[in-house]
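Input: a single structure, listed below in structure tokens.
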Amino acid sequence: MKMHSYTRRHFVKSSVLSVAAVAATRALAAPAGARSIPISVQLYSVRDACAKDFDAALAAVAKMGCAGVEFAGYHSYGGKPKELRAKLDALGLKAAATHIGTGTLRGDALQQTIEFHQQIGCKYLIVPGDGAFTDPEKSKDLAEFFNTTAAKLKPHGMACGYHNHTGEFAKIGDSNHWELFASRTAKDVVLQVDCGWAADAGQDCADLMKRHPGRMKVVHIKPTVIKGEPGKKAIFGQDSVNWGPILTACRDVGGTEWLTLEQEAYPDGKSPMECTELSLTALKKSL
């Protein structure tokens, strides 16, 4: 071990990060008696582990102490909802939501989608991207499709929604695609804000929630890069997003039922599973 590499600059940087983490934790602390929001893990965070051994990946995520998972594919459980529900129950996990394509919500496929997700106890069907969203000619029809689908899902106690990346916040005159979609869709259509991507696009996520109260039923908590160090990826609490106001807004105005951790940053050579657990632990402590 090369002890001499630990310089004053490293010490100062480490101290600053530690102070920032403590400040963030204090800022995020909920007042006594405040509503508690459970945490799930988006399985895309550990997608390689899921592809290798889905059962083992689910078990590892459950062992971290999260309350649920958000799916991004079902691997060996495709077409086997009863078996998947039994696995989730055995691990003490809930199905917080799922990421699926718009095709699974169209025509005859919708009924199959409803039946599958009812059996695994999954209420929220979220589309993580559709080219029509930012297409001036198609975006209005897409919004109406979500309205129609939401109305069909509501009697089943379910809902559909859309998940952003950065392109959804591209300007349209004085507004952007995300705001246009929000204005065209009913309140039953979920606006799943990915706070990492939205922050990268220059958005104030807490303000987004205040403008559309009650529509952020499942919110993505995605650590991005360390503040002031572009390209250097981080775990939760060390990244550049101002999480305090966001988590307060989730609790107070967003109508948020799940905080879903999505870990796409894997710093210091750690595995996706290790980084996901580090961020989950930090997020739980902050709450």
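The values are calculated or read from the model by the stated rules, or taken from the named source; none is laboratory data. Remember, predicted model here, so these are calculated numbers, not experimental data. Reconstructed Cβ throughout: ideal geometry from the backbone, glycine too, with neighbour counts over all protein chains shown.
What the table below lists for this structure:
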{"quantity": "All positions within the stretch 69-83 that are in contact with a Cys (Cβ under 9 Å, 6 or more places away or on another chain) and among the small types (Gly, Ala, Ser)", "calculated": "ALA72, GLY73"}
{"quantity": "Subset of the stretch 264-274 [under 17 Å from TRP243 (Cβ atoms) and modelled with pLDDT of 90 or more]", "calculated": "GLU264"}
{"quantity": "Selected residue (criterion: surrounded by the fewest Cβ atoms within 10 Å (Cβ to Cβ)) from residues of the stretch 146-159 that are of a type outside the set (Gly, Ala, Ser) and more than 20 Å from GLY121 (Cβ to Cβ)", "calculated": "THR148"}
{"quantity": "Any hit, the stretch 168-179, residues being at negative phi, in contact (Cβ under 8 Å) with a residue 40 or more places away in the chain, of a type outside the set (S, T, N, Q) and out of contact with any Phe, Trp or Tyr (no Cβ under 8 Å at 6 or more places or on another chain)", "calculated": "no"}
{"quantity": "Meets criteria (within 21 Å of ASN242 (Cα to Cα) and not hydrophobic (A, V, I, L, M, F, W, C)) for ASP194", "calculated": "yes"}
{"quantity": "Single match in GLN263, GLN192, GLN203 (criterion: touching a Lys or Arg at 6+ places or on another chain (Cβ under 8 Å), closer than 28 Å to LYS140 by Cα and not hydrophobic (A, V, I, L, M, F, W, C))", "calculated": "GLN192"}
{"quantity": "Count - residues of the stretch 129-165 that are under 20 Å from the mean Cα position of the chain (by Cα) and in contact (Cβ under 8 Å) with a residue 40 or more places away in the chain", "calculated": "7"}
